[in-house]
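> Below is one structure. I have some questions about it.
The values are calculated or read from the model by the stated rules, or taken from the named source; none is laboratory data. Please read these numbers as outputs of a predicted model, since none were measured by experiment. All Cβ positions, glycine included, derive from the backbone under ideal geometry; neighbour counts span all protein chains shown. When the accessible area is computed, the model is the full protein with side chains, heavy atoms only, and any ligands, DNA or RNA have been set aside. Shrake-Rupley method; radii C 1.70, N 1.55, O 1.52, S 1.80 Å.
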Amino acid sequence: MPEHATPPRPSSSPSVPPRPPRPSCPSVRRRRPLITGCLAVAASLALAACGTANGALQPQPGTGAPSVPGAPSGGPPGGPSVVPAPGSDGVPVSPDSAPTPPGRPTGTPKPSAPRPATGAATPPTASKPPVRTPSQPPTTPAAPPATGAQTPPAQPAPPASGGSAAVVRSTASGGRTVALTFDDGPGPATGQVLDLLAQYGVKATFCQIGRQAAADPAMVRRVLAAGHRLCDHTVHHPQPFAALPHDKAVYEISAAKDMIVRAGGPGTGVGWFRAPGGGFNADNERISADLGMRPLGWSVDPRDWSRPGVASIVSTVRSQLKPGGVILLHDGGGDRSQTVAALRQLIPWLIAQGYRFDFPAS
């Protein structure tokens with residue numbers, strides 16, 4: 001052993017034989033640059049994949065050209081201007097075509113497309129109108145009512161009947177006409193009056209009491225057969241008629257009309273109502289009008305019911321009559337011989353004066 005050699009130290013652990021030195025191989029040194037290049041390429045691919053996952057700019061299919069270099073990141077303030085796809089009425093045809101919130105591109109993104117990272121520039125997209133399909137019917141909102149449109153005013157309900165409540169005191173035609181009216185029948189003088197009217201071809205109006213008509217329906221039918229008209233003169237001829245309560249007035253008027261119609265038979269018309277003693281008021285005028293009858297008054301009253309004499313009856317009619325007048329006479333309610341005698345004088349006189357015989361206004 002040389003002198004300068006140091007003797008080995010004793011060790012408590014078992015001795016490990018030393019690793020033999022790796023021989024230097026020229027082939028290994030030649031492959032090292034190739035391995036290093038492969039690792040560099042692998043690292044580049046890994047970085048590219050990570051950049052894509054982290055939101056690197058990737059152009060999407062059908063979106064046009066890529067972003068222009070130098071453009072501000074994120075587009076104009078408030079996001080790109082997006083116009084909704086209009087339908088035929090100028091409104092979105094489906095929820096998918098509603099305006100896009102600022103900063104979000106139009107269209108529905110595909111599930112596989114990556115979402116752009118915040119702050120990344122978004123390439124401009126072309127807005128295409130949505131395609132209508134049977135599963136996507138148009139959802140056009142209801143149009144509001146036109147401004148200024150006016151609803152036609154509601155028409156008032158028609159009255160219970162077409163009758164007027166105004167009391168009639170003239171003929172239907174006016175002019176040089178006269179209307180003969182006879183009250184309180186049918187009675188013993190009614191047949192004589194009918195014979196006299198038929199002799200001259202004169203038409204008249206008969207205001208009949210309900211119970212009288214019910215007692216002599218044959219005479220009621222004779223009146224109608226001769227072409228004369230009928231008028232309601234209450235059931236019992238109560239007076240003063242204007243003082244009757246409403247319910248009693250309704251009965252006297254309506255029941256009398258029913259009696260006259262039954263006596264005259266089907267189709268019998270009763271066109272007027274005459275209050276006993278001329279006792280009209282607003283209530284009974286309205287009742288008669290609601291029943292389809294016109295309240296009937298008069299303009300000439302010789303008071304023949306009181307039997308003042310034939311001469312008095314004739315002179316009163318001549319003095320009071322004006323063209324278009326309505327004469328009040330009686331064919332019932334007692335002895336009407338004076339009335340019949342006066343009528344034999346009045347009819348020829350009226351004809352000589354140029355009067356035509358008419359019905360009251362209705």
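> Is it the case that ASP195 is within 19 Å of THR339 (Cα to Cα), open to solvent by less than 60 Å² (accessible area, probe 1.4 Å) and of a type in the set (Asp, Glu)?
Answer is no for this residue.
> Same structure again: Given the structure, is TRP298 under 16 Å from CYS207 (Cα atoms) and open to solvent by 10 Å² or more (accessible area, probe 1.4 Å)?
So TRP298 fits the description; yes.
> Would you please name the residue that is farthest from THR234 (Cα to Cα), looking only at residues in the range 250-266 that are among the hydrophobic types (A, V, I, L, M, F, W, C), open to solvent by less than 30 Å² (accessible area, probe 1.4 Å) and in contact with a strand residue (DSSP E or B) (Cβ under 9 Å, 6 or more places away or on another chain)?
Initially, the range 250-266 is screened for residues among the hydrophobic types (A, V, I, L, M, F, W, C), giving 250, 253, 255-256, 259-261, 263.
When the remaining residues are screened for being open to solvent by less than 30 Å² (accessible area, probe 1.4 Å), the result is 253, 255-256, 260, 263.
So of that shortlist, the ones also in contact with a strand residue (DSSP E or B) (Cβ under 9 Å, 6 or more places away or on another chain) come out as 253, 256, 260, 263.
Values: ILE253: 5, ALA256: 5, ILE260: 10, ALA263: 14 Å.
Among residues in the range 250-266 that are among the hydrophobic types (A, V, I, L, M, F, W, C), open to solvent by less than 30 Å² (accessible area, probe 1.4 Å) and in contact with a strand residue (DSSP E or B) (Cβ under 9 Å, 6 or more places away or on another chain), the one farthest from THR234 (Cα to Cα) is ALA263.
> Given (1) open to solvent by less than 50 Å² (accessible area, probe 1.4 Å); (2) closer than 26 Å to GLY227 by Cα, where does GLY279 come up short, assuming only one miss?
Among (1) open to solvent by less than 50 Å² (accessible area, probe 1.4 Å); (2) closer than 26 Å to GLY227 by Cα, the lone unmet condition for GLY279 is (2).
> Next up: Tell me which of these HIS236 doesn't satisfy, since it passes every other one: (1) closer than 17 Å to VAL340 by Cβ; (2) assigned to a loop (DSSP other than H, G, I, E, B).
That leaves (1) as the condition not met.
> Among the residues in the range 165-176, are any part of a helix (DSSP H, G or I), at pLDDT 95 or above and either on the phi > 0 side of the Ramachandran plot or open to solvent by 80 Å² or more (accessible area, probe 1.4 Å) (or both)?
Among the residues of the range 165-176, not one is part of a helix (DSSP H, G or I), at pLDDT 95 or above and either on the phi > 0 side of the Ramachandran plot or open to solvent by 80 Å² or more (accessible area, probe 1.4 Å) (or both), which makes the answer no.
> ILE260 - would you say it is touching a Ser or Thr at 6+ places or on another chain (Cβ under 8 Å), over 12 Å from LEU328 (Cβ atoms) and part of a helix (DSSP H, G or I)?
yes
Yes/no per residue for (1) open to solvent by 30 Å² or more (accessible area, probe 1.4 Å); (2) in contact with a Cys (Cβ under 8 Å, 6 or more places away or on another chain); (3) within 21 Å of THR190 (Cα to Cα); (4) hydroxyl-bearing (Ser, Thr, Tyr):
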| residue | (1), (2), (3), (4) |
| --- | --- |
| ILE287 | no, no, no, no |
| ARG336 | no, no, yes, no |
| THR339 | no, no, yes, yes |
| PRO348 | yes, no, yes, no |
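> Hey, another quick one. Got a sec? Which of SER362, SER319 is farther than 18 Å from GLN199 by Cα and free of Cβ contacts under 8 Å to residues at least 24 places away in the same chain?
On the way: SER362 fails: free of Cβ contacts under 8 Å to residues at least 24 places away in the same chain.
Within the list SER362, SER319, the selection yields SER319.
> Now for a different question. Which number in (1) surrounded by fewer than 17 Cβ atoms within 10 Å (Cβ to Cβ); (2) touching a Ser or Thr at 6+ places or on another chain (Cβ under 7 Å); (3) not hydroxyl-bearing (Ser, Thr, Tyr) marks the one condition that ARG307 misses?
With (1) surrounded by fewer than 17 Cβ atoms within 10 Å (Cβ to Cβ); (2) touching a Ser or Thr at 6+ places or on another chain (Cβ under 7 Å); (3) not hydroxyl-bearing (Ser, Thr, Tyr) applied to ARG307, the lone miss is (2).
> Then there's this: Only one of (1) more than 50 Å from the chain's Cα centre (by Cα); (2) not in a loop (DSSP other than H, G, I, E, B) fails for VAL202. Which number is that?
For VAL202, the failing item is (2).
> Just the residues that are closer than 19 Å to PHE357 by Cα and open to solvent by 60 Å² or more (accessible area, probe 1.4 Å), please, taken from the range 202-218.
Our first condition is that a residue be closer than 19 Å to PHE357 by Cα; within the range 202-218, this holds for 202-207.
The answer is LYS203, and nothing else.
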